[in-house]
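In what follows, a structure is listed as structure tokens, so that the remarks can point back to it.
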Amino acid sequence: MEILIKNGYVYDPLNKVNGEIMDIAIKDGKIVESSEINLRKAKIIDASRKVVMPGGIDIHSHVAGPKVNTGRIMMVSEHYRSYMRSHHPLRRSGTGKYTPSTFLTGYRYARMGWTMVVEPASPPLKTRHTHEELNDIPILDKACLILVDSNRILLNYLDRKDHDGCKMFIKWLLMATKSYGLKLVDPGTAVLWSWGKGYGLDVDDKIEPYNITPGDIIKELCKIRAELKLPHPIHLHCNRLGIPGNYETTLKTMKYAPADDKVTLHLTHLQFNAYAGDSWANIGTGSETLTKYVNANNNLSIDIGQIDFGTAVTMTADAPFEFALFHMARWKWTGIDVESEAAAGIVPYKYKKKNLVNALQWCIGLELALLVKDPWRVMITTDHPNGAPFTRYPKIIALLMSRRFREKMFAKLNRRSVKRAVLPSIEREYSLYEIAVVTRAAPARLLGLDNIKGHLGVGADADVAIYDLNPEEIDFSKDYQSVIKAFKRALYTIKSGNVVVENGKVINDSCSKTFYVDFKSPPEEQFLNELREEFKRWYTIELANYVINESELGHAKPIYVGG
Amino acid sequence: MGGASVFLIKPRRSFKVPVEAECISPDKFAGLNLEDLKKLKVFEGNRTYRLEELFYIKAVSKNSPSASVKIIMEGNFSKVWRIGEEMSTGEIVIKGNVGPFLGFRMRGGVIIVHGHAGPWLGAEMRDGIIEVHGCAGDHVGAVLRGERSLKGMSGGIIRVHGYAGAEVGACMNGGLIAIDGSCKAMPGVKMSGGSILIRGDCEGKAGARMTGGKIVVCGRVGEVLPTFYIDGIASSVKVKGEKIKGPFYLFLGDVLGDIECRGRLYVSVKNNPDFKVFESLLETMSDDC
């Protein structure tokens, strides 16, 4: 199919295009020169007075896996209240608001103009389930990161200071699970949680019974990641999440990132790790200190993990914190233990405007986004569904673009928290170009996919979003409502050269694929024999059943890396 | 009802799949003339119909639109869901069986059923009266699955003259549920207020995790949970002004729900001869004091 998008204001930061009026030509799922397409046959979309951007990329969103599924089961009450009817043959039905079903996840992202999502925390043993669900998410391109922070076999290698064994194991694990990168969640906590300990484990504390600290794990895995040349940096959820005073831990963690010009450590949902003070009563914001450090060091990137008020379902592999949160929220809790790999907890939570802590959390998230000067190293996320469902992105974009909107919100928030926050004194407003950076170009670059994703240059995948927004006429600072309206429902979303959304309605639910990293050289036979023995000690299943075949992925797209 | 507009509704055919008819409610009927009323939307399975396509509707007596509304329903409505949802005034009389979610989140008015009612009768009720002359299904006056327990029945009266199913008054906060027959397991699970009166037997696990309120069982109880403490023997008990003659064993609990044990469970002495063992506990306690 050939498409010509005419006369749109194009925002394409990877090619340094800032709101110029351009034509975008699409042929066979790729972007081509305008001269290459046959104008008679091509579908012509008139985008004059509209904004054209690459498709959005969400770097951190829990959309699939056993944890999400348990969250769905726990939130029955929202599934019978919120549903989308099927529309044969264009789209299927689905339910859910905070933890939507797989089909709905795809449709809702596509309606906002997003075309790729990364599931950031899949325990390797359960990654088969994650892939099954990812296969069911329509339209979007997907990738998943595996949890390696508390893997007993890996910790044994680390304890023995066996660097090569460690590297080989990580390489094998990535190949066996068909995943895209490594995620660390509160390194070491899940091991300690097996003994009912682990709450508030600091980055320099020893992980009993091993002779290592979370810092060692971070350092070693950063090194392995560089040696294996993985496209995505280590995706780190810092220690002591959600505990007042944790910004000091975060600062210490940042220092473990290997020095480099490129990003070597990605700190995810930093908002939850940027609290000052020493109790819930005198909680404050640590965003200034953290962003100062991020601004000074090019090897760090962050995503904000913004909260929005209302119900959310917190789900994280930081099981002890979830157990503590359950005693604050007092609604329901599920704890999960994944053999010798990870643990998780799920607790639904309601963020309230008049609550001191919740209002401050809301401010801190925006402070982080506004205080980091380089938009290429900050990304918008809500840590869906932890902070808010991903459908709140339009609102967060508007908040970043309009100081007036932020000021209007302050009047509704807890007064003490507004006094403690830095946000009221920040005047910065994001431009549309910067929004295109933080939601499209920066995540693509961080995933190492900036040759095919996140831009509209010739040769890129034809993932395009067109929004009904005229940057020449609208003052985003004043008319923030029109920003929300435009981003809520994209006028057109084009995925792999197919129009999937037209006038905010999903009209096609195909064309998704799953990215994973693959290595040219398979692990050595000797290592596999060793591993087979080790596997018998730690796992309930055989090694052969653990490995996921490429045929189990819907539309697999391997990215070959060296190492 | 002197000044009321009275409507008569009968089903046109027997339904095979559920019909979602939340529009059959005096609140929705009020202020509409017959023609508008016939155009209200109902679902049968996944298809939308106008109300008149599935039901005969007749205005028996018509008064000014502002008058209160009485709806008389004749026939088998056992596949019809959500009748009287969120109604706040008026009256519904059903001569026949009726399906699930009758009087769901009801805020006032009266519903009388001369037949059997389905599950979720008066679920999450706020106020009003429901009287069922036949039996009712599971979850009478209960909270919906997964909801916060605060959203349970908080007022009003449900009277069932026949039997009822399991989980009567789950997460109940107020009001009265009176069942003349027996009920299945777990009446008053997680309840924190209000009263449940069961004149027949109960399968067991009465008041599991209750943190307040009152459950009275006049018949046999399979067992009392081990997390309840016996407090004494009451000669009679008052339920919403009505005096029920006993004697009753009074249990306090559930210690799993609340350490203060503010829930009260009354169990008939006469019909539960196995519970004599509890009386010995009472004696030793009084000696110690």
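Bear in mind these aren't lab numbers, they're just calculated from the coordinates by the rules spelled out. Keep in mind that what you see is a predicted model, and the values were worked out from it rather than measured.
Quick rundown of the values:
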{"read-out": "Taking the C-alpha atoms of region B:158-289, convex hull volume expressed per residue in Å³", "value": "95 Å³"}
{"read-out": "Alpha-carbon centroid distance for the pair region A:298-365 / region A:18-83, whole angstrom", "value": "28 Å"}
{"read-out": "Spatial separation of Cα centroids for region A:109-145 and region A:430-455, in angstrom", "value": "19 Å"}
{"read-out": "Under 20 Å from B:LYS79, Cα to Cα: lysines that are on another chain or at least 8 residues apart", "value": "B:LYS10, B:LYS16, B:LYS38, B:LYS41, B:LYS95"}
{"read-out": "Largest to smallest principal axis extent of the C-alpha atoms in region B:121-162, angstrom", "value": "31, 20, 7"}
{"read-out": "Ellipsoid semi-axes in whole angstrom, largest first, where each is sqrt(5λ) of the Cα gyration tensor of region B:1-84", "value": "23, 12, 10"}
{"read-out": "Estimated D of chain A in µm² per second, where Rh is the Kirkwood radius over Cα pairs and Stokes-Einstein applies at 20 °C, 1.002 mPa s", "value": "90 µm²/s"}
{"read-out": "Residue with peak Gaussian network fluctuation, chain B [Cα springs, cutoff 10 Å], from B:SER14, B:SER154, B:SER78", "value": "B:SER14"}
{"read-out": "Space enclosed by the convex hull of the alpha-carbon atoms of region A:152-438, per residue, Å³", "value": "125 Å³"}
{"read-out": "Among the listed pairs A:LYS488/B:LYS151; A:LYS252/A:LYS373; A:LYS97/B:LYS151, those beyond 23 Å (Cα-Cα)", "value": "A:LYS488/B:LYS151"}
{"read-out": "Cα radius of gyration and Dmax for chain B (Å)", "value": "21.1, 75"}
{"read-out": "√(5λ) per eigenvalue of the Cα gyration tensor, region A:182-305, largest first, Å", "value": "22, 20, 11"}
{"read-out": "Qualifying aspartates and glutamates (Cα of each under 17 Å from Cα of A:LYS354; at least 8 residues distant if same chain)", "value": "A:ASP308, A:GLU407"}
{"read-out": "For region A:468-563, alpha-carbon Rg and Dmax in angstrom", "value": "23.7, 67"}
